[in-house]
Amino acid sequence: MHTTRRRILKQVGAAMLAASTSGAALSATPASAASWPPAPATIPLWPEGVPGARTGLEPERYVDGRISRVAEPTLTVYPPAVDRANGSAVIICPGGGYERLAIEREGEQYARWLSSLGVTAFVLKYRMREFGHPAPLQDVLRAVRLVRSQAAQYKLRPERIGVMGSSAGGHLAASAGTLFDHPLGRTGAQLDAVSARPDFLVLMYPVIALDGPAAHVGSRNALLGTSPSAADVELMSVARQVTARTPPTLLIHTQADAAVPVENSILFYQALTRAKVPAEMVLFEHGEHGMGMRPNLGTASAWPRRAEEWLQARGLLDRSK
């Protein structure tokens with residue numbers, strides 16, 4: 001009995017992994033007794049053609065739960081748990097320094113957790129170093145526009161669409177929350193007419209500063225190149241772009257983070273406070289960078305509960321009528 005169950009779960013995991021890394025058009029595996037839960041659907045972000053598409057790039061690569069060399073951005077859709085749908089949606093931006101995406105730890109894992117809360121989750125596979133700025137910004141804003149434009153199809157509330165990101169993915173999420181109206185985020189597509197402003201942000205140990213002592217140089221170099229212009233560094237040091245229109249934000253970081261200093265979250269929180277944007281920041285003593293949802297990290301392992309409380313307090317887990 002247990003052996004059979006393990007075999008079925010292994011098959012399910014393989015199916016879900018294949019779907020989460022696919023760049024193909026809309027596809028889904030029908031639910032059946034042998035493949036429950038069903039594999040998520042993956043939809044292309046730019047069905048009309050990726051802006052600035054390039055030829056001669058190395059093929060996309062998947063190794064140890066990480067994806068690199070993305071040329072065809074996608075959204076992988078994780079429906080809410082049965083009987084718990086509340087109409088909220090979260091677009092998830094995995095981290096990886098704009099070099100790769102931790103698609104399992106900071107993508108699928110978060111999506112399954114959000115699904116259990118009744119939230120529809122969309123894991124974003126976005127372009128990185130191979131394209132550079134502003135391709136990731138275009139991808140995340142396109143994702144917000146696409147999800148909002150299809151709110152009725154997914155039974156979503158169009159005013160309850162958020163973006164969550166970790167590390168460099170947190171930088172991308174923060175970029176969405178500050179640069180949603182920037183011309184660089186538009187491509188001339190008809191969908192540009194749809195608002196790209198997220199309704200809320202959840203930032204996990206985010207990269208925020210691209211200069212100064214708190215800067216994450218690796219993310220800056222991958223996004224902007226090794227000799228970026230002062231204007232690009234200023235624009236993408238996203239704490240400086242916070243305004244009163246930046247959406248309510250939850251920040252989660254640890255004192256022990258040796259890769260992206262906690263000052264990154266503090267800088268963004270201070271900017272939000274100055275702009276009078278509703279914000280909460282939860283700082284833990286222990287917990288390494290890229291901690292995902294690991295156990296045995298002291299109180300930091302309880303961050304999903306703190307995040308759930310914040311979502312609940314903002315009414316984002318209330319059931320749609």
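State the number of residues belonging to the stretch 237-255 that are out of contact with any strand residue (DSSP E or B) (no Cβ under 8 Å at 6 or more places or on another chain) and open to solvent by 50 Å² or more (accessible area, probe 1.4 Å).
4
Return the pairs, sorted by first residue and then second, in which the second residue is open to solvent by 10 Å² or more (accessible area, probe 1.4 Å) and modelled with pLDDT of 95 or more, the first residue lies in the stretch 132-156 and is of a type in the set (Ser, Thr, Tyr), the beta carbons are less than 7 Å apart, and the residues are 6+ apart or on different chains.
If the second residue must be open to solvent by 10 Å² or more (accessible area, probe 1.4 Å) and modelled with pLDDT of 95 or more, the pairs left are Ser149/Leu191; Ser149/Val194.
For the stretch 281-301, give me each residue that is open to solvent by 30 Å² or more (accessible area, probe 1.4 Å), among the aliphatic types (A, V, I, L, M) and at pLDDT below 95.
Residue satisfying the conditions is Met293 alone.
Hey, Gln109 hits all of (1) within 24 Å of Gly315 (Cα to Cα); (2) open to solvent by less than 10 Å² (accessible area, probe 1.4 Å) but one; which does it fall short on?
Gln109 satisfies every listed condition except (2).
Of all strands (runs of 3 or more DSSP E) completely enclosed by the stretch 30-142, which ones contain at least 2 residues that are within 18 Å of the chain's Cα centre (by Cα) and farther than 23 Å from Asn221 by Cβ?
Of the strands (runs of 3 or more DSSP E) lying wholly inside the stretch 30-142, those with at least 2 residues that are within 18 Å of the chain's Cα centre (by Cα) and farther than 23 Å from Asn221 by Cβ span 41-44, 74-78, 89-93, 120-125.
Of all the residues that make up the stretch 35-50, how many are within 15 Å of Val70 (Cβ to Cβ) and either surrounded by fewer than 16 Cβ atoms within 10 Å (Cβ to Cβ) or at pLDDT below 65 (or both)?
Count: 0.
What pairs come out if I take residues in the stretch 41-53 that are under 18 Å from Gly185 (Cβ atoms) and pair them with residues that are of a type in the set (Ser, Thr, Tyr) and surrounded by fewer than 18 Cβ atoms within 10 Å (Cβ to Cβ) whose C-beta lies under 8 Å away, six or more apart or interchain?
As it stands, the answer is Pro51/Thr187, since those pairs meet every condition given.
Sort out which residues of the stretch 114-131 are touching a residue at least 60 places away in the same chain (Cβ under 8 Å) and open to solvent by 30 Å² or more (accessible area, probe 1.4 Å), and write them in order of number.
Arg129, Glu130
Quickly run through the stretch 206-220 and pick out the residues that are touching a residue at least 40 places away in the same chain (Cβ under 8 Å) and open to solvent by 20 Å² or more (accessible area, probe 1.4 Å). Don't jump to the end; show me each part of the working.
At the first step, the residues of the stretch 206-220 found to be touching a residue at least 40 places away in the same chain (Cβ under 8 Å) are 206-209, 213-214, 216, 218-219.
Within the stretch 206-220, Pro213, His216, Gly218 meet the criteria.
For His171, which of the numbered conditions (1) within 12 Å of the chain's Cα centre (by Cα); (2) farther than 20 Å from Thr226 by Cβ fails to hold?
Just one mismatch for His171, condition (2).
Search the stretch 302-321 for residues being under 19 Å from the mean Cα position of the chain (by Cα) and not in a loop (DSSP other than H, G, I, E, B), and hand back the single one that is surrounded by the fewest Cβ atoms within 10 Å (Cβ to Cβ). Break it down stepwise before answering.
Of the residues in the stretch 302-321, the ones under 19 Å from the mean Cα position of the chain (by Cα) are 303-308, 310-311, 316-317.
Checking which are not in a loop (DSSP other than H, G, I, E, B) leaves us with 303-308, 310-311.
Working: Trp303: 22, Pro304: 15, Arg305: 9, Arg306: 16, Ala307: 21, Glu308: 16, Trp310: 19, Leu311: 23.
Within the stretch 302-321, the match that is surrounded by the fewest Cβ atoms within 10 Å (Cβ to Cβ) is Arg305.
Which pairs turn up if I take residues in the stretch 73-87 that are on the phi > 0 side of the Ramachandran plot and crowded, with 17+ Cβ neighbours inside 10 Å and look for partners that are modelled with pLDDT of 95 or more and in a strand (DSSP E or B) with beta carbon separation below 9 Å, at least 6 apart in sequence or on another chain?
Cβ pairs passing all conditions: Gly87/Thr120.
Residues being of a type in the set (Gly, Ala, Ser) and under 19 Å from the mean Cα position of the chain (by Cα): count how many of those fall in the stretch 186-217.
First, pick out the residues of the stretch 186-217 that are of a type in the set (Gly, Ala, Ser): 188-189, 193, 195-196, 209, 212, 214-215.
Retained after the next criterion (residues that are under 19 Å from the mean Cα position of the chain (by Cα)): 195-196, 209.
Residues that pass the stated criteria total 3.
Would you be able to say whether some residue in the stretch 268-275 is of a type in the set (Gly, Ala, Ser), in a loop (DSSP other than H, G, I, E, B) and open to solvent by less than 70 Å² (accessible area, probe 1.4 Å)?
Checking the stretch 268-275: at least one residue is of a type in the set (Gly, Ala, Ser), in a loop (DSSP other than H, G, I, E, B) and open to solvent by less than 70 Å² (accessible area, probe 1.4 Å).
The values are calculated or read from the model by the stated rules, or taken from the named source; none is laboratory data. Keep in mind that what you see is a predicted model, and the values were worked out from it rather than measured. Cβ: placed from backbone, ideal geometry, glycine included. Neighbour counts: every protein chain shown. With ligands, DNA and RNA removed, areas are computed over all heavy atoms of the protein, side chains included. Shrake-Rupley method; radii C 1.70, N 1.55, O 1.52, S 1.80 Å.
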